[in-house]
């Protein structure tokens, strides 16, 4: 597919897109999509991005469970005014509740530091 128009930022699809793929001379795009509370699955669209359709259902068990809900969170470091972004994950049934216990996990992976994605981890 030839893309002759400029890139357009999508603001109505808040999840994460990975491994976009298409065949030569094709208008079909396949990709992995997920959100905080929607696990990774393979989707595709033909010509219209806003009409993407799920083609796998490998993580249905996660959808049926009462899992933590999450959202992006931003704050400013008062010492140097650096904008910091993180993810707040709430216990099941306590989304946006106040005065909950807090566990902070600091890690050094800027590629996936703050993305709206639901990927399960293996080997932990």
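Read-outs throughout are calculated quantities, based only on the coordinates presented, and are distinct from any laboratory measurement. Worth saying up front: this structure is predicted, and the values here are computed from it rather than measured. Here the Cβ positions follow ideal geometry from the backbone for every residue, glycine too, while neighbour counts run over all protein chains shown.
The figures follow:
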read-out	value
Per-pair calculated FRET efficiency, R0 = 41 Å: residue 50 and residue 102 via Cβ, rounded to 0.05	0.65
Packing-based exposure ordering (other Cβ within 10 Å, fewest first) of 21, 16	21, 16
Least to most buried among 18, 41 (fewest other Cβ within 10 Å first)	18, 41
Distance cut-off 11 Å, percentage of C-alpha pairs in segment 16-63 lying past it	67
Per-pair calculated FRET efficiency, R0 = 25 Å: residue 58 and residue 21 via Cβ, rounded to 0.05	0.90
Whole-number D in µm²/s for segment 68-112 (Stokes-Einstein; Kirkwood sum over Cα pairs; 20 °C, 1.002 mPa s)	174
